[in-house]
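Heads up, the thing below is written out as structure tokens.
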Amino acid sequence: MPSWRQVSAVFVGFVGTLVGVAGIAYAMVSVPDENKAAQAQNNVYYWADGSRMVTGGGSVNRQNIPYEKIPKAMRYAVISAENKSFETDKGVDPMGIARALFNMAKGGETQGGSTITQQYVKNTMLDQSQTISRKFKELFISIKVGEKVSKNDIMAGYLNTSYFGRGAYGIQAAAQTYYGVDAEKLNPSQCAMLAALLKGPTYYDPIGNTSIDSSATPEANTARATSRWSSILDNEVRFGHMSAAERATYKVFPNPQGQKAQAGMNGQIGYLVDTANNYIIQHSNPKITKEELERGGYQIYTTFDKAKVAALQKAVETVRAQKIKPGAGHMYTGSEHEFDGDADTNVQFGAASVVPGDGKIVAIYGGAGMDKGEFNNNADTQGVPVGSTFKPFVLAAAMTYGTNYSDGKPLTPDSKYNADDLIEIRDHNGDLVENKDHSIFRQKNESSTKWGYVTLNKAMEQSINSPFVQLGEDVGLDKVEDTAIGAGLLKGSMSEKVASFSIGTSTPSAIRMADAYGTFAKSGVEVEPYSVTKVLHNGDDSSAFKKPQVTTKQALEPDVANTVTKVLQNVVKNGTGKKALALGRTVAGKTGTTDTPGGTRSAWFVGYTQQLSTSVVMFRQDSKAMKLLPMSGTGGPTSTTHGGDIPATMWTDYMKAALGNAPDLGFPDPGKIGDGKTINEKGAPSPTPSMTTPPPTTAPPTTGPTDTPPVNTPTWTPPTNTSPTPTQGGGKCSVFNPSACNTPTPTDTPTATDTTQPGRSTGGTNGGTKG
């Protein structure tokens with residue numbers, strides 16, 4: 001960090017240099033031509049094999065109009081919002097310039113305060129880099145424009161070149177895009193809303209932009225836009241541009257019309273382009289902005305496999321057509337009568353397929369199509385609770401950290417927990433968990449079956465809630481969260497850490513769930529998902545975007561990950577994921593369903609082979625309130641809207657096509673977890689006297705999973721001293737031989753949560769990595 005004396009000296013040098021070259025610089029620059037600014041160029045997107053996917057996504061919607069056709073209310077709204085001294089200033093902000101120069105001198109940000117004149121100049125410069133040379137050039141052009149160009153022409157130039165979001169450059173395009181009228185027909189209230197967008201359409205467009213930033217939800221953006229709209233109108237009164245009486249007539253925020261799909265963005269193409277663009281925005285440095293992408297001129301090479309995208313779309317839409325039939329009389333059958341009506345309306349699907357160990361996203365299903373008015377990318381947007389598909393992370397945490405009563409020793413899938421319905425839950429400190437009204441919390445399962453104490457393997461197969469809720473508390477919810485994040489989920493998608501956290505109240509995206517399960521598929525190796533391999537701009541490599549480097553980390557010990565895979569194989573063979581058996585090859589997977597008394601809110605199936613990890617999610621959503629709706633009766637009165645039903649069928653149909661004749665690679669056999677002794681829940685009955693003998697002491701882990709496996713990684717073999725007496729099949733009852741266990745016939749329905757799930761907020765996903 002330089003001293004203030006050094007900074008001051010450099011600053012004086014900057015100023016001296018600036019004065020010395022000012023005359024030359026001023027003479028060399030020319031005033032901008034708005035008709036040459038922001039010219040439309042197409043982007044070209046390519047499939048993974050290098051063939052062209054689509055040309056588009058960079059078509060600038062822009063039409064210049066003369067000053068006389070710009071409403072006076074629009075001009076006053078912009079002045080009140082952006083530059084109150086516009087009509088009298090010289091085109092530059094001396095204090096802003098001083099701040100910018102001082103920041104340059106100390107190596108900080110080169111951005112400074114801007115007048116409307118400076119913003120107009122910036123709009124017309126094709127080079128948008130934040131460099132000192134570009135800032136100097138912009139400064140001298142602004143000075144010349146302030147002297148040579150009339151205020152009317154500056155205002156017209158600014159409003160004709162400004163970006164208002166949704167691909168709209170200029171006030172005429174914005175008026176058509178947001179209100180469906182020519183600019184001269186805008187009323188003062190609409191003008192104030194459009195002026196509010198100039199602060200940044202990502203955060204002020206009421207439809208939201210969660211694909212870029214998860215905080216830019218429709219609710220949050222509407223609140224921000226409403227506040228700024230109101231403030232602009234108030235400022236117009238304060239600065240004498242509007243009477244108080246007229247201001248009083250604008251009490252209701254002028255909501256704009258809905259979004260429209262760009263040309264060529266049909267079917268899944270719009271979602272593929274959206275995912276690629278978001279990845280570029282999040283992984284370029286300096287950042288390639290959404291505005292720059294919409295100006296076009298980029299050649300973007302993606303990871304998307306054309307055949308696999310088509311196969312995923314066919315799998316989803318074929319099953320959807322068979323099961324979901326709006327108008328066919330599939331009525332809501334739940335208890336929340338505000339939702340009475342057709343249960344097959346507002347049904348949404350999302351899916352993603354990722355290569356384990358590599359991270360490339362080969363296929364997504366984002367929705368019915370942007371051309372059909374479905375703009376939310378269901379593959380790359382978080383917000384739908386994952387239900388029991390979260391339980392494998394709880395099991396992995398228990399095998400990594402042990403529990404608060406196991407003396408640091410890891411649990412195994414043969415550890416037993418109480419699986420009865422409505423059991424009391426104790427937190428990590430041993431205290432009973434309470435509801436908000438201080439009554440004792442009791443965890444509900446989907447059925448009232450008297451399971452007694454069952455192995456964690458059996459609890460996973462049957463998707464029983466109570467064992468995993470207590471297990472999560474025993475391990476520690478922070479450690480469970482760390483394990484899930486280490487596997488590939490994002491911190492921002494994690495829900496509040498209450499008792500139900502362990503049974504899937506968190507809301508990761510389909511892409512992230514596929515990626516995290518890919519960590520299990522590759523023996524605990526996690527790789528960040530990516531959707532773009534190369535970006536060119538007008539044929540040249542973009543210096544801002546670097547080719548993704550496939551960096552791996554050992555998020556879970558190999559034996560832990562492989563043991564989770566073995567348990568999830570049993571879910572498919574013997575439990576709620578049986579429909580995936582139709583794939584006809586070695587597969588591991590898990591169903592997930594979230595529920596309320598009024599009905600299912602979401603249904604998931606996530607499964608994998610060594611070659612592909614794929615997730616499918618189904619939900620109903622109120623598109624206006626962005627709230628999840630119950631699915632009782634969806635698909636017909638006898639339909640089971642669970643992860644093991646429609647999502648598992650879609651998953652299986654896709655994986656058959658996607659894997660084709662690829663070899664069945666199976667999975668690595670897991671080793672021994674810990675010292676091989678099974679540790680049951682505190683209070684569980686011991687089936688053999690040997691369980692009363694204290695196991696050898698081992699030090700509890702002190703940190704989360706490391707980037708590389710510990711040197712002394714223990715191996716694991718199936719325990720032989722805690723299994724119930726087998727009554728069928730041969731061999732001992734264990735996770736490796738479940739057919740030898742005397743167990744009830746599994747149902748094909750995952751269990752439900754007993755807590756009200758959060759409404760869908762369409763939080764963002766970091767551009768294919770976001771959430």
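Residue check: is residue 59 modelled with pLDDT under 70 and either surrounded by 18 or more Cβ atoms within 10 Å (Cβ to Cβ) or not in a loop (DSSP other than H, G, I, E, B) (or both)? For residue 59, the condition - modelled with pLDDT under 70 and either surrounded by 18 or more Cβ atoms within 10 Å (Cβ to Cβ) or not in a loop (DSSP other than H, G, I, E, B) (or both) - is met. Just so you know, in the range 165-183 the residues that are aromatic (Phe, Trp, Tyr) and either buried (at least 24 other Cβ atoms within 10 Å of the Cβ) or modelled with pLDDT under 95 (or both) include one that is farthest from residue 120 (Cα to Cα), and it is 178.
When residue 651 is tested against (1) under 29 Å from residue 356 (Cβ atoms); (2) surrounded by fewer than 24 Cβ atoms within 10 Å (Cβ to Cβ), only condition (2) is not met.
The listed residues are 598, 539, 636, and the only one of them that is in contact with a His (Cβ under 7 Å, 6 or more places away or on another chain), surrounded by fewer than 20 Cβ atoms within 10 Å (Cβ to Cβ) and farther than 21 Å from residue 462 by Cα turns out to be 636.
Applying the criterion of being part of a loop (DSSP other than H, G, I, E, B) and in contact with a strand residue (DSSP E or B) (Cβ under 7 Å, 6 or more places away or on another chain) to the residues of the range 267-306, the residue that is surrounded by the most Cβ atoms within 10 Å (Cβ to Cβ) is 304. Screening the candidates 463, 523, 447 for the property of being small (Gly, Ala, Ser) and at negative phi yields one hit, 447.
Residues of the range 549-563 being touching a helix residue (DSSP H, G or I) at 6+ places or on another chain (Cβ under 8 Å) and of a type in the set (Ser, Thr, Tyr), which ones? Across the range 549-563, the qualifying residue is only 563. Return yes or no: is residue 269 within 24 Å of residue 374 (Cβ to Cβ), of a type in the set (A, V, I, L, M) and in contact with a Leu (Cβ under 9 Å, 6 or more places away or on another chain)? No; evaluated as a whole, the condition is false for this residue. Residues in the range 643-666 that are farther than 14 Å from residue 319 by Cβ and either under 29 Å from the mean Cα position of the chain (by Cα) or at pLDDT below 95 (or both): 658, 659. Looking at the range 373-423, which of its residues are touching a strand residue (DSSP E or B) at 6+ places or on another chain (Cβ under 8 Å), more than 30 Å from residue 269 (Cβ to Cβ) and in a helix (DSSP H, G or I)? If the condition is that a residue be touching a strand residue (DSSP E or B) at 6+ places or on another chain (Cβ under 8 Å), more than 30 Å from residue 269 (Cβ to Cβ) and in a helix (DSSP H, G or I), then 387, 388, 390, 391, 392 are the ones that fit.
Does residue 424 satisfy the criteria of being farther than 29 Å from residue 455 by Cα, surrounded by fewer than 22 Cβ atoms within 10 Å (Cβ to Cβ) and either free of Cβ contacts under 8 Å to residues at least 24 places away in the same chain or β-branched (Val, Ile, Thr) (or both)? Taking the combined requirement at face value, the residue does not satisfy it. Scanning the range 221-248 for residues that are of a type outside the set (Phe, Trp, Tyr) and surrounded by fewer than 16 Cβ atoms within 10 Å (Cβ to Cβ) yields a count of 11.
The values are calculated or read from the model by the stated rules, or taken from the named source; none is laboratory data. Because the structure is a prediction, the values reported are computed rather than measured. Positions of Cβ are backbone-derived with ideal geometry, glycine not excepted, and every protein chain shown enters the neighbour counts.
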